Every structure is written in C-alpha cells, then in structure tokens.
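Worksheet: the structure to be examined is printed underneath.
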Amino acid sequence: MADSNKVSNLNSIDLSSPDIPTSVSLLKQACMECGFFYVTNHGISEEFMDQVFSESKKFFHLPLDQKMKLLRNEKHRGYTPVLDELLDPVNQLRGDHKEGFYIGVELPEDDPEAQRTFYGPNLWPDSDILPGWRQTMEKYHQEALEVVRKTARLIALALDLDFDFFERPEMLGKPIAILRLLRYGGQVSDPAKGLFGAGAHSDYGLITLLATDSVSGLQICKDKDARPQVWENVKPIKGAFVVNLGDMLERWSNGIFRSTLHRVLGNGQERYSIPYFVEPSHDCVVECLPTCQSKENPPKFPPIKCESYLLGRYKDTHADLSTYRKH
C-alpha cells in the first residue's frame with residue numbers, strides 16, 4: 001500500500017453549463033482515466049442536503065435495539081449493523097467498520113413488478129420516533145435520480161450514443177435505485193492489520209452518486225493491478241457530489257470506461273456519507289455497446305442480466321441474515 005497522503009485531482013463537471021462539448025470532454029477523460037469525477041450545480045440545494053444529513057444522523061443515534069427492529073430484509077432494505085458487510089475478504093480481518101440503512105424504489109403493491117428482487121417495500125422508522133424522516137428520504141431519492149439522469153446524458157454522449165440512450169424503459173426508465181445512508185463510527189483504520197471503514201471494492205451498477213460530509217476518508221486506486229497499489233485521497237467538496245462508475249458501465253463500454261477500486265479509511269472522526277447506487281432494470285441485459293467494439297477490440301465480457309449480476313455481488317459481500325437470528 002502506498003501514497004495514502006496524495007490527493008486525487010478529479011475533473012469537475014458543471015451540470016448547468018451550456019457548453020456541452022466541454023462537459024462531455026471533461027467527463028470522458030475522467031471516465032477513461034479513473035472513473036471518478038465531481039458534479040456541481042446539480043440542482044439540489046445545500047439547505048436540503050444539510051437536512052438529509054441531519055435526518056441520517058438522527059437515525060444512527062437511535063439505540064441499537066431500535067435500529068435492529070429495522071434489520072435488513074431479503075430485499076436489501078433497512079439497517080445493516082457494523083461489520084455486516086465484508087467488501088474485501090482477501091485483505092480484511094473482519095467486516096467494514098460502518099453501519100448503514102438501505103432505501104430503494106417502492107412500487108404500489110398492485111404493480112406486477114413490485115415483487116421483483118430489488119423493489120419495495122421499504123422499512124421505515126416509526127414516525128413517532130423520527131417525524132418527517134421518511135418524507136425527507138423519499139424526496140431525496142427522487143431528486144438524486146434526476147441528478148443521475150442529467151449525468152447519464154453526458155455519459156451517453158461521451159460513448160458516442162444518443163443523449164437519451166440510458167433513459168430507455170429497460171434502463172433508467174425503470175431503474176434499480178438504492179439510497180444508502182452510512183455512518184462510520186470513528187474507528188482508526190489500519191490497512192496493515194486488515195482494519196477498514198470500508199474495504200476496497202468497485203461498485204456494481206451503472207453509476208453511484210455520493211454525498212459526503214466534510215470528513216475525509218474516501219480513497220481511490222486508479223490501477224488495481226499495480227503492485228504496490230497506490231491510493232489517493234478524494235477530497236470532499238461542499239456542494240458537489242462525487243460520481244463514480246460501476247462495473248456494469250465498465251462492461252457496457254468494453255473496459256474503455258473504468259469502474260475503479262475505492263475504499264474508506266477511518267481517521268478517528270465520525271463520518272457520514274450517502275451513496276446513491278443506480279443500476280438499470282432487473283431484466284436489462286448488459287452487453288458490449290456497438291460504439292465500444294471493433295474487429296481489433298472485440299467484446300471482453302459476456303452479456304449478463306442486471307438482476308443476476310447484482311444478486312451475486314450482494315450475496316458475496318453481506319452477512320447471511322440467518323446469523324442474526326441466532327442471537
């Protein structure tokens with residue numbers, strides 16, 4: 001492990017800019033080099049973001065027995081305790097030193113799609129305990145998806161596709177969009193001893209929209225095959241989201257765009273972050289885009305259904321729910 005003090009110089013994309021060619025050029029460079037960039041002027045007010053973080057803290061400060069009543073279910077909704085997730089089993093002594101709360105897309109019960117793996121219903125704290133909490137999170141869920149859609153239009157143009165390519169019904173028309181509140185409790189990470197806030201991993205889906213507080217901790221490794229691996233710090237910027245690409249976009253782009261390894265190191269301070277994971281619909285088949293293949297560069301990955309890929313990754317990284325029933 002090397003260079004953990006280096007700060008990564010990421011491109012910043014202004015989503016309100018009328019200069020689309022420049023935005024696409026900056027985004028394309030970022031996607032090819034490291035798969036991480038900032039987006040600014042995204043349309044979500046700082047006041048509302050402060051409210052979302054405030055409500056997140058209220059939940060995590062509840063007594064553990066209250067949180068455990070909302071323990072993650074088979075549909076990956078609800079509370080994930082500290083050490084529940086193990087993202088890097090090769091290098092981690094035990095699970096991640098973080099706790100979380102999953103909130104996904106909630107469909108009406110009479111919708112035939114409502115029974116699908118990654119659709120509702122959500123678990124919610126009692127409104128007597130956290131009044132207005134559900135409404136805040138549902139509003140953020142909707143607003144964050146709009147930011148993702150704006151970003152996805154630029155990604156489509158960067159891949160020489162129509163700007164609305166990712167808005168088709170099988171993609172962001174009916175996405176699997178998962179909001180996750182996270183709290184890192186202030187443990188000090190020690191990579192040499194296998195202790196991490198979040199172990200090294202790449203995200204699974206299309207793109208992730210990450211909101212963070214002002215506490216540093218996120219690191220990226222631009223070349224996962226380098227030995228030793230070089231880790232760079234991603235600085236939190238007030239009012240900006242960090243966006244990173246997921247494995248599905250790497251597969252779609254035939255490896256031209258990068259799904260980059262990242263991790264979180266705790267430095268003794270409590271830290272809050274809110275990733276918003278967006279993937280296409282359950283039945284979307286992720287296969288090499290026509291603009292990303294040629295005779296010289298044939299498809300590197302076999303086609304795979306989104307639902308199958310996600311299920312495999314969740315199963316690999318989360319504790320079996322039966323472990324909680326034993327206690």
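The values are calculated or read from the model by the stated rules, or taken from the named source; none is laboratory data. None of the values given here were measured: they were computed from a predicted structure. Counting neighbours? That spans all protein chains shown, and the Cβs are built from the backbone with ideal geometry, glycine included. Side chains included, ligands, DNA and RNA excluded: accessible areas come from the protein's heavy atoms. Shrake-Rupley method; radii C 1.70, N 1.55, O 1.52, S 1.80 Å.
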> Regarding LYS67, is this residue open to solvent by 70 Å² or more (accessible area, probe 1.4 Å) and at pLDDT 95 or above?
Replying inline: no
>> Checking LEU107 against (1) in a loop (DSSP other than H, G, I, E, B); (2) without any contact (Cβ under 8 Å) to a residue 24 or more places away in the chain; (3) more than 20 Å from GLU307 (Cβ to Cβ), only one condition comes out false. Which one?
In response: (3)
> Among all residue pairs at least 6 apart or on different chains, which show Cβ distances below 8 Å where the first residue, located in the range 141-153, is in contact (Cβ under 8 Å) with a residue 40 or more places away in the chain and the second is open to solvent by 50 Å² or more (accessible area, probe 1.4 Å)?
Replying inline: GLU143/GLY43; GLU146/GLY43; VAL147/GLY43; LYS150/GLY43; ALA152/GLU167
>> With the requirement that a residue be at pLDDT below 85 and of a type outside the set (Ser, Thr, Tyr), what does the range 1-20 give you?
In response: MET1, ALA2, ASP3, ASN5, LYS6, VAL7
> Quick check, is SER45 at negative phi and free of Cβ contacts under 8 Å to residues at least 40 places away in the same chain?
Replying inline: yes
> What is the residue count in the range 175-207 for residues that are out of contact with any helix residue (DSSP H, G or I) (no Cβ under 6 Å at 6 or more places or on another chain), under 30 Å from GLU106 (Cβ atoms), open to solvent by less than 10 Å² (accessible area, probe 1.4 Å) and of a type in the set (Gly, Ala, Ser)?
Replying inline: 3
>> Quick test of your reading of the structure: SER281 fulfils all but one of (1) of a type in the set (Gly, Ala, Ser); (2) open to solvent by 20 Å² or more (accessible area, probe 1.4 Å); (3) more than 27 Å from PHE53 (Cβ to Cβ). Name the failing condition by number.
In response: (2)
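Okay, residues lined up against (1) buried (at least 20 other Cβ atoms within 10 Å of the Cβ); (2) farther than 28 Å from THR80 by Cα:
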{"site": "VAL243", "(1), (2)": "yes, no"}
{"site": "SER259", "(1), (2)": "yes, no"}
{"site": "ARG263", "(1), (2)": "yes, no"}
{"site": "ILE274", "(1), (2)": "yes, no"}
{"site": "PRO290", "(1), (2)": "no, yes"}
{"site": "ASN297", "(1), (2)": "no, yes"}
{"site": "TYR314", "(1), (2)": "no, no"}
>> Step by step: first the residues of the range 125-154, then only those that are in contact with a helix residue (DSSP H, G or I) (Cβ under 9 Å, 6 or more places away or on another chain) and in a loop (DSSP other than H, G, I, E, B), then the one that is farthest from ASP283 (Cα to Cα). Which residue is that?
In response: ILE129
>> If a residue counts only when it is under 15 Å from VAL242 (Cα atoms), which helices (runs of 4 or more DSSP H) contained entirely in the range 1-92 have at least 3 such residues?
In response: 20-33
